[in-house]
Amino acid sequence: MGIFTPSDLLLRFPDRYIDGSAIVDRSLKDGDIVSFLGETVAPAKRAYIRRGLNVVNCSFKNNGIVVRCSWFNQPFAARSLKEGDKVYVVGKVKRFKSAVQIVNPTLLAPQPTDEQIVPVYKTPIPSRTFESAVKTALKSVKVNSFIPENLAEKFGLMPLQTALFRIHCPRDLMELALAKRSVAVENLCYIITSYRLLKDDRRDFAYSAPKDIVNEFIDSLPFVLTDEQAAAVDKIISALRSDKLINMLVQGEVGCGKTVVALAAMYYAAKSGFQSAIMAPTEVLARQHYATMVKFLEPLGVKTQLLCASMTAKQKELAHFNIKYGTASCIVGTQSLIGDDTVFKNLRLVIADEQQRFGVNQRAKLESKGGKTDMIVMTATPIPRTLALSLYGELDQTEIRSLPSNRPVIHTSIVPPAKINNMYDYIIKKAAIDERTYIICPRIDSGEDDVTSVDDIYNILKKMPCGSLVGCIHGKMRDVEKNGIMSDFKSGKIKILVSTTVVEVGIDVPEATTVIVFDAERFGLSQLHQIRGRVGRGTKESYCFLVSEHGNEESDARIKEFCKLSDGFTVSELDFKLRGAGDFVGLKQHGSGNMEIDGHIIERARALSDALVLDDSVADNIIGSLKAPEFIKSVTMN
């Protein structure tokens, strides 16, 4: 499980909690997550549905309401329960008329030592076994924080040892909330402080080309840059010519033209005698960027190079040669760029496209290929301003909000279950006039639950008149296979593409005018906006249809609000407001237990970081620890 030390164990936070005083009531809705103390109505019964599929059924009563629970292919589920036994039940509600059902719930036996709030750990070993190990560690170690006591008290933080104890062993929900906020503030403070202390922005090389040489590239384009694109290029080139390394975040609306801004910077680096590299999260996107680079840079005498996993051994050998000996100035690729066998001659500019898809270590490894390098990170999932300023601090930011003037409107609407067949008829008619459709599903294979899969929709469409025009693509396919399918979709051999979110970023097919998202409630708003950005890249009006059959009142309201918004920056602010910063920060503890981050926590962490950096002795301690990053300063055995 990746747990080797007491620190690892204590940082594996509960995934959820059971409130022993919670009651089941008739207002429960489909999709609600519930936890309650139930009384077994009758012993569990096992039934065979068909070969390879069996089900165990058992019912529990709480507050006079009977909840029917079912486990598929888990023959030992609830086997030891007798009528009248008490057990904690945790799971997702599925309403059937007036009945309340839960499929594959988690059961926990009550313990005499339980407080009112009981932690639940999602681990390969039983939750109670893991809980016992955590409690043993809590009794046996002393946790030391980097935060001096006076600062912790000033910022309203629990002592770290107390906070960790109360996250694992809360007495009530108020205490739990305070403990989680204290840990979140302290951990985020360390992340912010580490960025600041490690930052070395002294440049030991210079870009020699005159600033206006970039106009050669801009003038050669078959279109005119928007004012914001031109401003972004000017800002980047000015920063490259300064005496400090740049670390810039370029945020742009989906389809706003961030790529051409990146190419302008790469062109300037090439004219200064340096190499630049852009790393894309998928091979499909990397190949698309390469085609654009060949089209716009090669005619100007700038040699380009692609490097990705599906290339043949001979192609990779040539690519590595061109990169190592400087034959190629502008390089694009996937994570193949950070492989040990990829050596650059004089890499000075690094660009990470769709930066949220890469970890800090991946970006840092690419940077290290050139020693000191300038870094530009680009995203079409705009980060809320409060979060970006607080988390990244001095990181320079550039925003491109406007779209090219010829971009069509994208209409977004919710499709009720009764209209799904009409929706299929619509995309079949669109296919007949050579317009393309993306259909996005949250899962590849069918499961026991109601989650829509690529397999489900692909099999439905293959039986329709459009069957020969339907293809599917997902992450389990080999890159060569995915590239072939995307090529067929672009060429029109495939008109309807059923996919997971593997096509979420950057794919440019001007003929695509419709995108359908099944189980839209399972996606974040920023992710939905990214998916919506796959269409509307040509000149025709485009449509985004959202299908949400299994949402609850909260998710339905969220999706309705999304339909009213077209601007990615507004969408990101709403997503931040509704869900916190977890998706943007990626702030998960050791394998589990997502910490909720909001604007208040970020501001407090930033202020605490300011206070820490002013204390040189504290700063020295943190710098020393960065050789083996730890959230906890030390854990010593009592």
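The values are calculated or read from the model by the stated rules, or taken from the named source; none is laboratory data. The structure presented is a predicted model; accordingly, all values stated were derived computationally and were not measured. Virtual Cβ from ideal backbone geometry, glycine too; neighbours counted across all protein chains shown. We work out accessible area using only protein heavy atoms, side chains counted, and drop any ligands, DNA or RNA first. Shrake-Rupley method; radii C 1.70, N 1.55, O 1.52, S 1.80 Å.
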Check: Going by the alpha-carbon gyration tensor, a ≥ b ≥ c the square roots of its eigenvalues, is the stretch 451-520 rounded (a/c under 1.5) or, if a/c is not under 1.5, prolate (a/b greater than b/c) versus oblate?
Finding: rounded
Checklist line | DSSP-defined antiparallel bridges as percent of all bridges, the chain, nearest 5 | finding: 40 percent
Next item on the list: Taking all pairs of distinct Cα atoms, average 1/r, flip it, and tell me the Kirkwood hydrodynamic radius of the chain in Å to one decimal place.
Entry: 27.4 Å
Notebook entry, point to check: Among Ala184, Leu164, Pro222, whose Cα sits farthest toward the positive end of the charge dipole of the stretch 77-222 (+1 at Cβ of Lys/Arg, -1 at Cβ of Asp/Glu, about the Cα centre)?
Noted result: Leu164
Checklist line | Of all accessible heavy-atom area on the chain, the percent that carbon and sulfur account for (1.4 Å) | finding: 51 percent
Checklist line | Three-way shape label, the stretch 287-359, alpha-carbon gyration tensor, a/c 1.5 | finding: rounded
Notebook entry, point to check: For the stretch 414-531, rounded, prolate or oblate, judged on the Cα gyration tensor with a ≥ b ≥ c (square roots of eigenvalues), a/c < 1.5 rounded, else prolate if a/b > b/c?
Noted result: rounded
Check: Rounded to the nearest whole Å², what accessible area per residue is found for the chain with the 1.4 Å probe?
Finding: 45 Å²
Check: Reachable aspartates and glutamates from Lys61, Cα under 18 Å, same-chain residues fewer than 8 places away excluded?
Finding: Asp19, Asp25, Asp32, Glu39, Glu83, Asp85
Item checked: Cross-link reach list, lysines versus Lys142, counting only Cα pairs under 17 Å and skipping chain neighbours closer than eight places -> Lys633
Next item on the list: Please identify the longest segment of the chain free of exposed chymotrypsin sites (Phe, Trp or Tyr not before Pro), where exposed means a DSSP state other than H, G, I, E or B and no more than 15 other Cβ atoms within 10 Å.
Entry: 326-638
Next item on the list: Would you calculate the separation in nanometres between label points at Asn54 and Gln315, each defined as 7 Å from the Cα along the Cα-to-beta-carbon direction?
Entry: 5.0 nm
Checklist line | Exposure of Glu115 as accessible area (Å², to 10), given a probe of 1.4 Å and all protein chains | finding: 90 Å²
Checklist line | Projected label distance in nm at Lys564 and Thr539, using a 7 Å step from Cα toward the beta-carbon | finding: 3.4 nm
Note to self: Calculate the FRET efficiency for Asn215 and Met477 from the Cβ-Cβ distance with a Förster distance of 45 Å, rounded to the nearest 0.05.
What the structure shows: 0.60
Margin query: If I model a spin label as a point 7 Å beyond the Cα along the Cα-Cβ vector, how far apart are those points for Ile23 and Arg79 in nm?
Written below: 3.6 nm
Item checked: Efficiency of FRET from Cβ geometry, Val41 and Asn150, R₀ 56 Å, rounded to 0.05 -> 0.50
Next item on the list: Evaluate E = 1/(1 + (r/R0)^6) for Thr162 and Arg128, where r is the Cβ-Cβ distance and R0 equals 35 Å; express this FRET efficiency to the nearest 0.05.
Entry: 0.90
Item checked: Greater than 30 Å apart at Cα, pairs in Lys419/Lys564; Lys29/Lys540; Lys97/Lys180; Lys540/Lys577 -> Lys29/Lys540; Lys97/Lys180; Lys540/Lys577
Check: Straight-line reach from Lys244: which lysines have a Cα under 22 Å away, not including same-chain ones fewer than 8 places off?
Finding: Lys199, Lys211, Lys235, Lys271, Lys345, Lys365, Lys369, Lys372
